[in-house]
Amino acid sequence: MCSEYQILPSYVICKHFSHSVGDLFIFLIVSWVFLVKKGYQDTDTSLQSSIVTKVKGVTFTNTSELGERLWDVVDYVIPPQGENVFFVVTNLIVTPNQRQETCAESESIPDALCYTDSDCPSGEPVVAGNGVRTGRCLRVGNTRRGTCEIFAWCPVETKSRPAKPLLGKAEDFTVYIKNFIRFPKFNFSKTNVLDTKDRDFLKSCHFGPKNPYCPIFRLGSVVSWTGSNFQEIALQGGVIGIQIEWDCDLDKASSECNPHYSFSRLDNKFSENSISSGYNFRFAKYYRDGAGVEFRTLVKAYGIRFDVMVNGKAGKFNIIPTIINIGSGLALLGAGAFFCDLVLIYLIKKSHFYRDKKYEEVRSVMLPPCSLRGPLAGPLDRSPPPGPRNFALVGW
């Protein structure tokens, strides 16, 4: 039979473990909740932000459709006023001098193929095409198959995408990204532009690790930071994300609240042969000739869309979250002793020994006959001695 002195060291070890667990909880509370998560601070994640963008750069092209042409920011940036989303044209398919008249639909449109005039019902639009059918099937030479005649802006777009980006030198263009932010809970505002009176600062600086408050970015560098090649993405277009992160500890000086930038490719860059790869859209520029007849130049523009996204949070000391986190931590300190008691009472073979030490059984005791005589003495209780009564459990 195991004596008390043989089993007691296990209890002492477990009690020592209980204290160690308590110390561990204290360390975790201080290091994780207060130092890492800053549980003593009140936070504000309702960031208010505004973005202003301006692109600068010029390039020169010479094509059969447009001739010699100088491209500036008005020509290749859409929209021109500058927002948190802007598009830079890098490649083009140009169809000049389109007029509203009848012509043959493009052979690349499946719904436009025909063999007889009955295949081209008059007044019906061509699905995914360029105009409305006139009722005629136009064939070239002696071929059996032709295309439906349509009323549309003619001639329709038929040319394929150029093999090289027309505005490949756009990688040397620069974009100015100005960001205003405000945390309304703390009435704190800041911008990502250096607060200086030097008017030449923005004309000569470029963003870099040593110039985080210079918001002038070279487009080629932005694309390279995403792991992509500018000339490849300029050929058929793509989408680039520019992320500005503000993580501000307002218990420190405002100069410690700095923007952090990250850059990523948002479109499906790994599926270059996919039908959904790239980014493009069409727009037109309208004119009138000497007779007052309207005509236009249709442009299918390939290019890079830049999405500027801003998020962040701010924190500042507040007594309420501090008290809540301290109280929660203190409540966890009893977990070590509770776990130790569960092991000793229910999980080991000699659990009855620890249960006897943990709980004490108390029985009622019969009092001897009272020998007191006098005016204060009451009647002698001659009832039989009481038997064992219910016992109470008292914490050890």
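The values are calculated or read from the model by the stated rules, or taken from the named source; none is laboratory data. Not measured: the values here are computed from a predicted model. Ideal geometry is used to build each Cβ from the backbone, glycine not excepted, and the neighbour counts take in all protein chains shown. Side chains are part of the model used for accessible areas, which takes the heavy atoms of the whole protein and leaves out ligands, DNA and RNA. Shrake-Rupley method; radii C 1.70, N 1.55, O 1.52, S 1.80 Å.
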Exercise for the section: Please enumerate the residues belonging to the range 44-85 that are open to solvent by less than 60 Å² (accessible area, probe 1.4 Å), under 24 Å from SER204 (Cα atoms) and in contact with an Asp or Glu (Cβ under 9 Å, 6 or more places away or on another chain). Expected result: ILE51, VAL52, THR53, GLY57, THR59
Completion exercise
If we keep only residues of the range 96-146 that are closer than 30 Å to GLY67 by Cα and among the β-branched types (Val, Ile, Thr), then the residue least open to solvent (accessible area, probe 1.4 Å) is ILE109
Fill in the blank from the handout: Scanning the range 131-178 for residues that are acidic (Asp, Glu) and more than 33 Å from the chain's Cα centre (by Cα), the one nearest to ASP72 (Cα to Cα) turns out to be GLU157
Practice task
Check GLU149 against each of (1) over 30 Å from THR59 (Cα atoms); (2) touching a residue at least 40 places away in the same chain (Cβ under 8 Å); (3) open to solvent by 50 Å² or more (accessible area, probe 1.4 Å) and name the one condition it does not meet.
Solution key: (3)
Exercise for the section: Output the qualifying pairs, or none if there are none: Cβ atoms under 6 angstrom, residues six or more apart or on different chains, first residue in the range 181-198 and polar (S, T, N, Q), second residue assigned to a strand (DSSP E or B). Expected result: SER189/ARG182; THR191/PHE180; ASN192/ASN179; ASN192/PRO259
Exercise for the section: Assess whether ASP249 counts as being among the acidic types (Asp, Glu), open to solvent by less than 50 Å² (accessible area, probe 1.4 Å) and farther than 22 Å from GLU83 by Cα. Expected result: yes
Exercise for the section: Sort out which residues of the range 167-190 are surrounded by 15 or more Cβ atoms within 10 Å (Cβ to Cβ) and either in contact with a helix residue (DSSP H, G or I) (Cβ under 9 Å, 6 or more places away or on another chain) or of a type in the set (Gly, Ala, Ser) (or both), and write them in order of number. Expected result: LEU167, GLY168, ALA170, GLU171, PHE173, THR174, VAL175, TYR176, PHE188, LYS190
Handout entry: From LEU28, LEU24, LEU35, residue being part of a helix (DSSP H, G or I), under 27 Å from GLU245 (Cα atoms), open to solvent by 50 Å² or more (accessible area, probe 1.4 Å) and at pLDDT below 90
Key = LEU35
Exercise for the section: Scan the range 203-223 and report the pairs whose first residue is farther than 23 Å from VAL88 by Cβ and open to solvent by less than 50 Å² (accessible area, probe 1.4 Å) and whose second residue is in a loop (DSSP other than H, G, I, E, B) and among the hydrophobic types (A, V, I, L, M, F, W, C), with Cβ atoms within less than 6 Å and a gap of 6+ or a chain change. Expected result: TYR213/LEU194
